[in-house]
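Every number here is computed from the coordinates shown, using simple stated rules; none is lab data. Not measured: the values here are computed from a predicted model. Positions of Cβ are generated from backbone atoms using ideal geometry, with glycine treated the same way; all protein chains shown enter the neighbour counts.
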Amino acid sequence: MEEYFVNRKPQPNGDHEVHTKSCFYLPIENNRISLGYFSNCHEAVKKAKEIFPTADGCYYCSSECHKR
C-alpha cells in the first residue's frame, strides 16, 4: 500500500494531480491533501475526484492513471 496525495493547486490545464508520497514531484505540505493509503493509483484518483472532479494521476508516479 502506498500513501497518496492530491495537489491543492491545479495544473495549467485545470487538473489536480495525484502523487505518491515517494514522488519526486510531490507538492510541498501546504499544497497537498492526504488521500490515504491505496493499493493502486486508480483508487487514489477516484478518492481525489470526490474533492477535485478534475483530479488526474501524476505522469511520473501514477502514469497509468495519467489521462491528459
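State, as an integer percentage, the relative contact order of the chain based on alpha-carbon contacts under 8 Å between residues 6 or more apart.
On the way: 129 pairs, mean separation 23.7, N = 68.
Answer for the chain is 35 percent.
Which Cα, out of N31, C41, S62, lies furthest along the positive dipole direction of segment 2-65 (beta carbon charges, K/R +1, D/E -1)?
Toward the positive end, the furthest listed residue is N31.
By a straight-distance test (C-alpha under 18 Å), which aspartates and glutamates pair with K47 as possible cross-link partners, with residues fewer than eight away in the same chain excluded?
E2, E3, D15, E17, D56, E64
Students often get this wrong, so try it: which of (1) 11.2; (2) 13.7; (3) 12.5 is Kirkwood radius over Cα pairs in Å as calculated from the structure shown?
Among (1) 11.2; (2) 13.7; (3) 12.5, the one derived from this structure is (1).
If you keep only loop residues by DSSP, which chymotrypsin sites (Phe, Trp or Tyr not before Pro) in the chain have at most 14 other Cβ atoms within 10 Å of their Cβ?
Sparse-neighbourhood loop chymotrypsin sites (Phe, Trp or Tyr not before Pro): F24, Y25, Y59, Y60.
Work out the length of the dipole vector of the chain about its Cα centre, built from +1 on the beta-carbon of each Lys and Arg and -1 on the beta-carbon of each Asp and Glu, and round it to the nearest 20 debye.
Numbers: 9 positive and 9 negative charges, 36 e Å.
The dipole of the chain has a size of about 180 debye.
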